[in-house]
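First the structure, in the form of structure tokens, and then the observations on it.
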Amino acid sequence: MRLDRLQEEWNELPHQGIFSEEIKLRMWNNILNATVNRRKNNYRIAMAACAALFISITGYQFYTSLNSARTPEIITQTFTEDIRLLRLSDGTRVWVNENTQIEYPKDFASNERIVKLKGEAFFEVARDTKRPFIISSGNIKTTVLGTSFDVKAYGEIAEVNVRTGKVKVEGLQNTIFLERGYTAVFVPKDKTLKKQKSVILEPEWKKALLDVDGLTFEAVIERLKINHNFTLQYTSENLKLLQVKGTLDTRQGVPEILQTIAFALEITIKPIGNDTYVVSR
């Protein structure tokens, strides 16, 4: 395969918002070494191998333990235009905004669940009355049993915005209890927390990632149609029942999103005009 065509194929893969430019460059160089420079016969296998190798190396670099008696800590760092969805060991889901670092144990303790945050993340905490979920983020500490909320902690800026449930937010000088529709804002001048009405319940950046793990193909399409206008035609009704795993990046256009799904399900989705696509094996 010609080098320019190989480059085109690589650029068309759905890796937007997953890797930084530096990482993608390193992966591309590995692909060249495994294909053009060594004349391997299947560049797609090389791409998958490079990605898997990089993920393994990254996991090693950011998977640490201070000693054998403690549960290993996992550190996730995002970059510019890099938003991720994490699933913690207790079932909690965390949408991590760009330029954010979050640290959490591989397995939580028997009496509490503690994470550390620098940046911004939206939490949907799995309910557990015996183990409070505690987020340490700069000047504030947030404690919940099970709810959904956004935490922002960039330097002196710190705030918590609650979408569902109740949250306790502790600052350097005072403590505030929040319910749906309220925000706690840290005031650097006097080191206190101030309670106020929320402007929005859910940050816009979170909508970039759509959690479709465990949904049927048909259910995923219905969710996409809420914000996009398109039609699918199926060559077999059984295709609707295929199960999707993972997360979709909705910052892509409909064609790119559909090709991401097609790649994952090993099916074909072809456009036939007028925002209509045909789905087949």
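Quick note: the coordinates plus some simple rules give every number you see, no bench work behind them. Everything quoted here is computed from the prediction, not taken from an experiment. Counting neighbours? That spans all protein chains shown, and the Cβs are built from the backbone with ideal geometry, glycine included.
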Net charge of neighbours whose Cβ lies under 13 Å from the Cβ of Q101, counting Lys and Arg as +1 and Asp and Glu as -1: -2
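Strictly over 22 Å apart at the Cα level, which of K152/K245; K197/K225; K166/K195; K106/K191; K116/K206 would you flag in this model?
Numbers: K152/K245 29 Å; K197/K225 32 Å; K166/K195 13 Å; K106/K191 33 Å; K116/K206 19 Å.
Those over the limit are K152/K245; K197/K225; K106/K191.
Provide the net charge surrounding K118, with neighbours chosen by a C-beta distance below 11 Å and charges set as Lys +1, Arg +1, Asp -1, Glu -1. Intermediate results must be reported in sequence, preceding the final value.
Numbers: positive: K116, K152; negative: E103, E120.
Combined, the nearby Lys, Arg, Asp and Glu give 0.
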To the nearest Å, what is the center-to-center distance of the range 124-157 and the range 191-209, using C-alpha atoms only? 13
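Just want to confirm a number: the relative contact order over the range 75-136, from Cα pairs under 8 angstrom separated by 6+ residues, in percent. Walk me through the numbers on the way to the answer.
Working: 125 pairs, mean separation 19.3, N = 62.
Worked out over the range 75-136, it gives 31 percent.
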